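Student: Following this message is one structure expressed as structure tokens.
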Amino acid sequence: MKEINCAVIEQAVARLCQQANIELGEDIVRAMQQALANEPAPAGRAVLEELIENAALARRERLAICQDTGMAIIFVKIGQDVRITGGILTDAINAGVSRGYREGYLRASVVSDPLLRVNTGDNTPAVIHYDLVAGDALEITVAPKGFGSENMSAVKLFSPSAGVEGVKHFVLETIRNAGSNPCPPIIVGIGLGGSLDKCTELAKTALLRSVGEYNPQPHLRALEEELLEAANQTGIGPSGLGGRTTALAVHVEAYPTHIASLPVAVNMSCHATRHASVTL
């Protein structure tokens, strides 16, 4: 049995909140550089150049990549042989978010009630997903999610007769309807199957995958490649100014589902699809 103290967890989460908001993943930077080399539209090229420069400046000056430093979405894999000491795990995670956002001078974007709209002042509470796994390790991933793109997400529960064509039509319709709002170039997470809640969680989880990494299932990889090509043929382009680069990646995750349904969730994310992880 491995013991991990809540103070260690709080410190780790605080560090991850700042790291994720400041250091854009190298996979995304490489994808934008490749897109720049292939982008024929002058306006699109200018936007990509600015995004690449912005990522470099944020890393060098230790400043946030974007003014929307997101709601803290936390993924926790907790080994069944781990024992948390010194407090409650959820409290330690939220304390880490509060500390990380305050000490990092990151914008507080969370309100305590969706209707009363009073800001909590420290970006808590986080949205936390727990997964109990084998072993004695605690893996924490912090994924700050901006809501310019989150607001453009969609979910629909089809009947099975919709098939793969129905899925493709829904995803592309969601991308077209979003237009410039999610600050393209976008990364699209798609969840297939499960239930209403499970498919949306899958879509969010899909955003954690590195750009250039495909689903190992051949039929799902083929779907990712087809949807990426179709998204980039919409002409929306970087920042919606036109061009070939509307999306950097489309990631699909799937789960078994009921015989009567085909749930589909599309989680839209901007180029600043941020996440940082640690294993304790």
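Student: Under 20 Å from the 7 Å Cα→Cβ point of N5, by amide nitrogen: which residues of the stretch 79-96?
Tutor: Residues passing the 20 Å test: 82-96.
Student: So how strong a dipole does the stretch 72-219 carry about its Cα centre when Lys and Arg Cβ are +1 and Asp and Glu Cβ are -1, to the nearest 20 debye? Write out the running numbers ahead of the final one.
Tutor: Numbers: 13 positive and 14 negative charges, 72 e Å.
Its charge dipole is roughly 340 debye.
Student: Can you work out the PRE-style zone for R62? Point 7 Å along Cα to Cβ, and I want the residues of the stretch 88-112 with backbone N under 15 Å.
Tutor: Zone members listed by number: 100-106.
Student: Hey, another quick one. Give the long-range amide H neighbours of I186: residues separated by 5 or more places, or on another chain, with amide H under 5 Å away, using H modelled in the peptide plane at 1.01 Å from N.
Tutor: A247, L248
Student: Could I ask something else about it? In sequence order, what are the phi-derived ³J(HN,Hα) couplings for the stretch 46-58 according to the Karplus relation 6.51 cos²θ - 1.76 cosθ + 1.60 with θ = phi - 60°, rounded to whole Hz, with x for glycine and proline?
Tutor: 4, 5, 4, 4, 5, 5, 5, 5, 4, 5, 5, 5, 4
Student: Go through the stretch 26-39 residue by residue and turn each phi into a ³J(HN,Hα) via Karplus (6.51, -1.76, 1.60, θ = phi - 60°); whole Hz please, and just put x for glycine and proline.
Tutor: 4, 5, 6, 4, 4, 5, 6, 5, 5, 4, 4, 5, 10, 8
Student: Would you calculate the separation in nanometres between label points at E165 and V111, each defined as 7 Å from the Cα along the Cα-to-beta-carbon direction?
Tutor: Distance between the two pseudo-spin positions: 4.3 nm.
Student: Okay, next question. Considering just Cα atoms, how many Å³ per residue does the convex hull of the chain enclose? Walk me through the numbers on the way to the answer.
Tutor: Numbers: hull volume 37.4 nm³, N = 280.
For the chain, the hull spanned by Cα atoms encloses 134 Å³ per residue.
Student: Right, another one. Using the Karplus equation 6.51 cos²θ - 1.76 cosθ + 1.60 (θ = phi - 60°), what ³J(HN,Hα) coupling, rounded to whole Hz, does each residue of the stretch 103-120 give in order, writing x for Gly and Pro?
Tutor: Each residue's phi maps through the Karplus curve to give 6, x, 6, 9, 5, 7, 10, 9, 9, 6, 9, x, 9, 7, 6, 9, 5, 6 Hz.
Student: With no solvent and one equal point scatterer placed on each C-alpha of the stretch 148-274, evaluate the Debye formula and give log10 I(q)/I(0) for q = 0.09, 0.16, 0.22 Å⁻¹, two decimals.
Tutor: The computed values of log10 I(q)/I(0) come out as -0.21, -0.68, -1.29.
Student: Would you check the chain for Lys pairs whose C-alpha atoms are within less than 23 Å, ignoring same-chain pairs closer than 8 in sequence, and give me the count?
Tutor: Summing the qualifying lysine pairs gives 12.
Student: To make sure I understand, if each residue's beta carbon is the centre and we count other beta carbons within 10 Å, what order do F147, F75 fall in, fewest to most? Provide the component values of the computation, followed by the final result.
Tutor: Numbers: F147 13, F75 20.
So the residues, fewest neighbours to most, are F147, F75.
Student: Would you pull out the residues with amide H under 5 Å of S180's amide H, same chain only if 5 or more places away, H placed 1.01 Å from N?
Tutor: Residues meeting the amide H criterion: none.
Student: Under the rule that a partner needs its Cβ under 4.7 Å from the first Cβ, which Cys of the chain have none?
Tutor: Cys with no partner Cβ under 4.7 Å: C6, C17, C66, C199.
Student: Per residue of the chain, what 222 nm ellipticity follows from adding -39500 (n - 2.57) for every DSSP H run with n ≥ 4, rounded to the nearest 500?
Tutor: Mean residue ellipticity, 222 nm, calculated: -12500 deg cm²/dmol.
Student: Report the full-extension gain for the segment A134 to I259: residue separation times 0.36 nm, less the Cα-Cα distance, to one decimal in nm.
Tutor: 42.0 nm
Student: Ranked highest first by average number of other Cβ atoms within 10 Å, how do 79-91, 191-203 line up?
Tutor: Descending mean neighbour count gives 191-203, 79-91.
Student: Antiparallel DSSP bridges in the stretch 141-280: what percent, to the nearest 5? Present the calculation step by step, with values, prior to reporting the outcome.
Tutor: Details: 13 of 22 bridges.
Given both bridge residues lie in the stretch 141-280, the antiparallel proportion sits at roughly 60 percent.
Student: How many nm is it between the label spots at A46 and R176, if each spot is 7 Å from the Cα in line with the beta carbon?
Tutor: 2.8 nm
Student: Taking H as built 1.01 Å from N, whose amide H comes closer than 5 Å to the amide H of G87, not counting residues under 5 places away?
Tutor: Counting only residues 5 or more places away or on other chains, the set is C6.
Laboratory data are not the source of any read-out in this text; all were calculated from the coordinates shown. Computed from a prediction, not measured in an experiment: that's the story for all the values here. Cβ sites come from the backbone with ideal geometry, for glycine too, and all protein chains shown count toward neighbours.
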